[in-house]
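Presented below is the structure to which this report refers.
The values are calculated or read from the model by the stated rules, or taken from the named source; none is laboratory data. Quick caveat: nothing in here was measured; it's all calculated off a predicted structure. When we count neighbours, we look across all protein chains shown, and the Cβ atoms used for this are built from the backbone with ideal geometry, even at glycine.
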Number of protein chains: 2
Amino acid sequence: MGIVERKEREREEMRKLILDAARKLFLENGFDKVSIRNIADEIEYSPATIYLYYKDKNELFFALHQTAFTKMIEEFAPIEQIEQPMDKLIEMGRLYLRFAFENPELYDLMFIMTAPIDALECREDIWDDGDRAFSILQQIVQACIDTGTIKHPDAEQAALMIWSSVHGLAALHLRRRLSMFGEEHVKTLVDETFNLFLNTIKKGL
Amino acid sequence: MGIVERKEREREEMRKLILDAARKLFLENGFDKVSIRNIADEIEYSPATIYLYYKDKNELFFALHQTAFTKMIEEFAPIEQIEQPMDKLIEMGRLYLRFAFENPELYDLMFIMTAPIDALECREDIWDDGDRAFSILQQIVQACIDTGTIKHPDAEQAALMIWSSVHGLAALHLRRRLSMFGEEHVKTLVDETFNLFLNTIKKGL
DNA sequence: TTGTTTACTAAACACTGTTCATTAAGTTTG
DNA sequence: CAAACTTAATGAACAGTGTTTAGTAAACAA
């Protein structure tokens with residue numbers, strides 16, 4: 001009998017319905033406007049129903065966090081076509097920064113907010129997405145080391161240094177700590193700083 | 001008559017009383033536990049009273065944000081004694097990272113949270129603290145350029161690159177995005193990455 | 001002493017995340 | 001088919017949040 005399969009399917013559909021409503025509200029109105037009651041209104045169910053499909057709000061945000069990683073990794077696809085590892089690395093950096101600027105809420109959710117991480121420390125799969133994204137970077141850095149364009153022998157260390165530098169730029173911007181340089185030309189400032197960083201690692205890393 | 005002066009003084013004392021209670025709760029129990037009612041309980045006044053001294057919660061957090069900057073800048077004092085600009089720069093980086101690790105809540109407030117920035121965009125003095133701290137860094141970078149230890153001619157760009165790199169490391173750690181490397185040896189990982197960054201800019205910047 | 005200004009607060013408003021007893025519908029069994 | 005059971009959904013409540021406002025009591029000025 002396919003009833004249990006149908007139930008399973010309906011359950012997944014409901015989880016998706018909730019998640020999509022949450023994403024819609026999140027992208028339209030920002031983090032603060034995503035309340036359980038707002039989501040419930042959006043999908044025309046009672047607030048309590050959401051708790052039948054997600055343990056709590058953090059778990060819901062973790063699910064959103066997962067879809068955001070999938071989206072970002074998809075956007076990295078074009079770098080596969082690039083031959084030179086260093087060119088790959090540079091393009092990945094650009095795509096990363098572009099993702100951060102074009103999807104500020106998603107980037108925030110992925111790398112800054114504590115909501116998706118809180119109270120989920122018990123789960124085994126919390127770091128799967130982060131690991132997956134980081135290992136893409138690390139592999140490219142390893143290729144740079146193998147071809148001699150990066151001298152430092154430890155790919156993990158080098159990758160972490162690169163990630164944190166680019167993240168720092170994105171995070172300072174998204175949390176409005178670069179406004180003192182004038183909100184209007186922050187984008188060019190970030191681009192210039194990114195280029196300076198590229199030149200520095202080309203020469204020094 | 002000194003009544004208006006005394007009133008002024010009493011007003012400042014009350015602002016300080018509220019601020020100190022807020023800081024106490026903030027450092028003891030974290031951001032979430034600092035509610036207007038908690039602060040009111042702590043100082044044995046009604047919640048509404050706080051609104052006679054601070055416009056809203058964001059303004060209160062901005063005041064806390066200011067004291068945090070003062071504390072950090074005080075901790076930078078020892079670098080004045082260092083002769084070589086590059087040594088100064090390195091020590092400043094170390095002190096910056098140490099401040100972030102030893103005062104995670106304060107660092108978060110200063111460079112990550114949006115609360116102290118939100119709705120205060122109108123005020124002229126929001127960026128004073130950030131500017132002051134950044135210009136300390138920029139001056140040291142300028143000294144490095146003048147003595148030839150840094151080749152890149154633009155001190156502002158170089159300083160921003162350095163800041164964002166170190167901030168990236170601190171921010172990823174504080175928002176628990178480095179836990180995938182194993183929570184226990186994050187500190188050494190950050191130190192290693194910081195050293196790699198130093199070597200890179202020494203050679204490449 | 002009267003009038004006015006100031007400091008303070010109780011109570012309310014509109015929210016928030018979350019839980020739980022109850023209802024209604026779907027499914028299985030006799 | 002009807003009775004028993006299981007499951008999905010909810011209304012209402014709890015305990016909390018930031019913030020506003022009307023009203024009171026004390027301090028001050030005339």
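If you check B:N38, B:N29, which single one turns out to be modelled with pLDDT under 95, within 27 Å of B:L174 (Cβ to Cβ), out of contact with any strand residue (DSSP E or B) (no Cβ under 7 Å at 6 or more places or on another chain) and not assigned by TED's automatic domain parsing to the domain that holds B:R175?
On inspection, the qualifying residue turns out to be B:N29.
Would you be able to tell me the number of residues in segment A:30-45 that are surrounded by 12 or more Cβ atoms within 10 Å (Cβ to Cβ) and either under 16 Å from A:R15 (Cα atoms) or within 10 Å of DNA strand C (Cβ to nearest atom) (or both)?
Total meeting the criteria: 11.
So, B:L97, is that one part of a helix (DSSP H, G or I), of a type outside the set (S, T, Y), at negative phi and within 16 Å of DNA strand D (Cβ to nearest atom) or not? First the steps, then the outcome.
Numbers: part of a helix (DSSP H, G or I): yes; of a type outside the set (S, T, Y): yes; at negative phi: yes; within 16 Å of DNA strand D (Cβ to nearest atom): no.
For B:L97, the condition - part of a helix (DSSP H, G or I), of a type outside the set (S, T, Y), at negative phi and within 16 Å of DNA strand D (Cβ to nearest atom) - is not met.
In contact (Cβ under 8 Å) with a residue 24 or more places away in the chain and touching a Phe, Trp or Tyr at 6+ places or on another chain (Cβ under 8 Å): is that true of B:R23 in this structure? Before the answer, list the steps.
On the way: in contact (Cβ under 8 Å) with a residue 24 or more places away in the chain: yes; touching a Phe, Trp or Tyr at 6+ places or on another chain (Cβ under 8 Å): no.
Considered against the rule, which asks whether it is in contact (Cβ under 8 Å) with a residue 24 or more places away in the chain and touching a Phe, Trp or Tyr at 6+ places or on another chain (Cβ under 8 Å), B:R23 comes out as no.
Out of segment A:89-126, which residues are more than 11 Å from chain B (Cβ to nearest Cβ), more than 30 Å from A:I145 (Cβ to Cβ) and surrounded by fewer than 20 Cβ atoms within 10 Å (Cβ to Cβ)?
A:E102, A:N103, A:P104, A:E105, A:A119, A:C122, A:R123, A:E124
Among the residues of segment A:134-147, is there at least one that is in contact with a Ser or Thr (Cβ under 9 Å, 6 or more places away or on another chain) and either outside the structural domain of A:I73 (by TED's automatic domain parsing) or free of Cβ contacts under 8 Å to residues at least 12 places away in the same chain (or both)?
No, segment A:134-147 contains no residue that is in contact with a Ser or Thr (Cβ under 9 Å, 6 or more places away or on another chain) and either outside the structural domain of A:I73 (by TED's automatic domain parsing) or free of Cβ contacts under 8 Å to residues at least 12 places away in the same chain (or both).
If only one of A:L89, A:L174, A:L95 is farther than 22 Å from B:H173 by Cβ, at pLDDT 95 or above and in contact with a Phe, Trp or Tyr (Cβ under 7 Å, 6 or more places away or on another chain), which one is it?
Details: A:L89 fails: in contact with a Phe, Trp or Tyr (Cβ under 7 Å, 6 or more places away or on another chain); A:L174 fails: farther than 22 Å from B:H173 by Cβ.
Exactly one residue qualifies, and that residue is A:L95.
From the list A:I82, A:I50, pick out the single residue that is away from chain B (no Cβ under 14 Å), touching a helix residue (DSSP H, G or I) at 6+ places or on another chain (Cβ under 6 Å) and within 13 Å of DNA strand C (Cβ to nearest atom).
On the way: A:I82 fails: within 13 Å of DNA strand C (Cβ to nearest atom).
Of the residues listed, the single one that is away from chain B (no Cβ under 14 Å), touching a helix residue (DSSP H, G or I) at 6+ places or on another chain (Cβ under 6 Å) and within 13 Å of DNA strand C (Cβ to nearest atom) is A:I50.
If a residue must be modelled with pLDDT of 95 or more and facing another protein chain (nearest Cβ under 8 Å), how many such residues does segment A:131-153 contain?
Final tally of qualifying residues: 2.
Can you tell me which of A:N199, A:N195 is without any contact (Cβ under 8 Å) to a residue 60 or more places away in the chain, more than 8 Å from chain B (Cβ to nearest Cβ) and under 24 Å from A:A143 (Cβ atoms)?
A:N195
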